[in-house]
1. For residue 149 and residue 121, calculate 0.36 nm times their separation in residues minus their Cα-Cα distance, and state this gained length in nm to one decimal.
2. Taking θ = phi - 60°, what integer Hz values does the Karplus form 6.51 cos²θ - 1.76 cosθ + 1.60 yield along the range 571-584, in sequence order, with x for Gly and Pro?
3. Can you give the FRET efficiency for residue 283 and residue 182, using 1/(1 + (r/R0)^6), R0 = 45 Å, r = Cβ-Cβ distance, to the nearest 0.05?
4. In the neighborhood of residue 208, defined by Cβ-to-Cβ distances under 15 Å, what is the net charge if each Lys or Arg adds +1 and each Asp or Glu adds -1?
5. How much of the DSSP bridge set in the chain is antiparallel, in percent, rounded to the nearest 5?
6. Hey, with R₀ at 45 Å, roughly what FRET efficiency would residue 38 and residue 189 work out to, going by the Cβ-Cβ distance, to 0.05?
7. Report the gain in length on full extension from residue 559 to residue 60: 0.36 nm times residue separation, minus Cα-Cα distance, nm rounded to one decimal.
8. Give the aspartates and glutamates whose C-alpha is closer than 13 Å to that of residue 565, dropping any in the same chain fewer than 8 places away, or say none.
Amino acid sequence: MDDTRDHVLGPPDAEITLVEYGSYACPHCRAANDVIARLRDRFGGRMRYVFRHRPLSDNDLARRSAELVERSRPDRFWKAHIDLMTRSAALTEEDLATVAADLAVKGQDAAAAERARARVESDERSALANGVRITPTFFINGRRYDGPWDENSLGEAMLGTLGYRVRAAALDFARWGPSAGVLLLLATILALALSNSPFGPAFEAIWERDLGISLGEAGFHLSLRHWVNDGLLSIFFLVVGLEIKREFTVGHLATRRSAALPVAAAIGGMAVPAILYVLIVPAGVWSHGWGVPIATDTAFAVALIAMMGRRVPLELRIFLTAAAIVDDIAAIMVVAAFYSGGLQLGYLAAAAVAVAGLALLNRWRVYRVFPYMLVGVVLWACIHAGGLHATLAGVVLALFIPTRPPPILKALIMQADAILKVEASRGAEVLRQGPSSPALRALDAIHDRLESPADRLLRHAGARSSYVVLPLFALANAGVVLTADVLSGHGPLVLAIMAGLVLGKPIGMVSASALAVWLGLAEKPTAYSWRQLTGAGALAGIGFTMSLFIAGQAYPDADDFAAAKVAVLAASVLAGIIGTAILWNARTDDVPA
């Protein structure tokens with residue numbers, strides 16, 4: 001806020017500041033003008049209102065009206081503003097002519113016209129910097145407001161009710177790029193702290209507590225840790241499957257040229273760590289753990305890149321995310337093929353029937369998610385009983401969640417507008433009873449059509465995966481009692497895991513990428529240098545979630561698993577430090593022109 005520059009109504013010490021980015025030619029801004037007037041009457045001296053220009057794109061009338069009002073004297077701005085907003089139902093040339101005559105604006109005053117143009121362009125730059133995409137866009141006390149534009153909703157947000165403050169704080173945290181990684185880190189630290197405190201035995205006993213369902217002699221029971229690892233983690237794999245599906249259909253892996261570099265990097269970033277592990281670990285029970293260092297924890301790696309901001313090009317973030325998705329695909333296949341128990345063909349046959357059911361739902365174009373989730377639960381139980389790892393059900397389910405052609409937005413907007421106009425015409429009846437049931441059903445159908453089932457599920461399940469499932473997984477699995485003998489006799493195992501993650505990942509990713517470029521199979525974007533790609537490869541050595549998950553399957557012995565956890569945690573920290581150091585000092589201007 002700049003009281004010497006901004007157009008402000010209300011005292012400078014008001015407790016509530018409402019900033020609007022709007023346009024005189026925008027019908028929604030004109031409607032919101034009445035709401036703002038009522039809010040000013042309601043709050044009085046507690047509120048100050050600020051208007052900034054964001055003329056509608058490709059609308060000459062909108063731009064000329066904004067520049068016209070800026071040519072007025074400061075003490076006459078608000079009268080011109082209100083006249084332009086309220087003189088007619090829609091802004092017209094006559095409105096501009098009338099306001100110009102009232103302001104006594106001289107058409108030939110070039111200096112004043114230039115100042116007005118510069119002021120409007122300054123507001124447009126401010127709108128762009130603050131992520132304003134539509135008009136009106138409101139900010140309440142510096143925080144963007146994305147709720148309904150009616151008086152009650154805006155009023156609640158301005159008063160800062162407890163419910164609104166909780167929702168706003170949660171959304172602010174979720175919008176922060178590193179938030180998922182930070183939450184994962186806090187859960188890991190908490191698990192380590194509790195495991196090494198006097199509460200350690202009780203903390204471990206909680207995760208070993210048996211939970212399940214019993215029906216007479218039959219029953220289904222798992223420990224709480226297994227419910228997290230086999231049950232809740234299926235949500236994470238469902239999200240991974242949906243992301244894989246999106247990337248290979250409309251995302252960064254949709255074409256051969258765009259997919260070649262991250263696919264090559266991911267393959268190299270898995271092969272080299274596995275080879276290093278096998279070379280270091282002696283033959284025996286540990287040999288089965290070669291899958292531990294092949295994984296990348298996307299949440300931590302992307303969080304570190306996000307925290308470095310403009311030091312890391314967007315193209316490099318896309319590259320690392322795409323490579324991590326390919327890595328996830330391979331990790332899922334590795335778990336299914338090499339880290340499952342004895343197979344029970346009867347249950348696997350039942351799982352195949354469930355998959356057939358999913359295929360039929362998809363073929364019949366069932367766009368409700370609930371039937372898929374119901375069959376998905378059956379599939380999960382059959383895969384678990386069949387000896388494969390139950391989280392595979394999440395990936396299989398994701399493949400059948402339907403997408404649908406993009407909607408014709410203009411038709412949906414016209415339909416919604418017609419419904420709302422009819423409901424508004426009912427007047428007092430709507431105020432007493434609310435919108436009619438047919439109208440609500442039609443609006444629900446329009447809302448459902450805006451987003452495909454796969455995208456909707458990814459939006460909702462993705463947040464739960466990042467902010468609930470993965471932190472719980474870390475809390476259940478990252479705890480290890482750090483004693484002097486935790487690594488005793490496990491030197492080769494720890495060295496193999498750390499070498500695979502810290503050295504194997506960057507060496508494999510960079511060498512495979514260079515080979516793909518040299519063979520003409522891929523092309524490296526000029527937006528980042530090989531040094532920056534090396535930094536991304538180092539960050540890929542943060543194995544954490546998937547590495548701990550595979551370690552839990554690969555090392556049935558508790559002592560081996562404890563040593564592996566220490567190795568994964570240490571390697572992830574070291575890889576994060578090395579990758580951050582490389583990228584921090586490898587600025588974008590290092591890239592050759």
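1. Numbers: separation 28, 0.36 × 28 = 10.08 nm, distance 2.57 nm.
Separation in residues times 0.36 nm, less the Cα-Cα distance, equals 7.5 nm.
2. 5, 5, 4, 5, 4, x, 5, 5, x, 5, 4, 5, 6, 5
3. Values: r = 41 Å, r/R0 = 0.90.
Using R0 = 45 Å, I get an efficiency of 0.65.
4. Values: positive: 209, 225; negative: 204, 210, 230.
Within the 15 Å Cβ shell, the charges total -1.
5. Numbers: 16 of 23 bridges.
Of the beta bridges lying entirely in the chain, close to 70 percent run antiparallel.
6. Working: r = 49 Å, r/R0 = 1.09.
In this case the efficiency is close to 0.35.
7. On the way: separation 499, 0.36 × 499 = 179.64 nm, distance 7.26 nm.
Extra length from residue 559 to residue 60 when fully extended: 172.4 nm.
8. 557
The values are calculated or read from the model by the stated rules, or taken from the named source; none is laboratory data. The structure displayed is predicted, hence computed values, not measured ones. Note that we place each Cβ from the backbone using ideal geometry, even for glycine, and neighbour counts take in every protein chain shown. The area values use the complete protein model at the heavy-atom level, side chains included, leaving out ligands, DNA and RNA. Shrake-Rupley method; radii C 1.70, N 1.55, O 1.52, S 1.80 Å.
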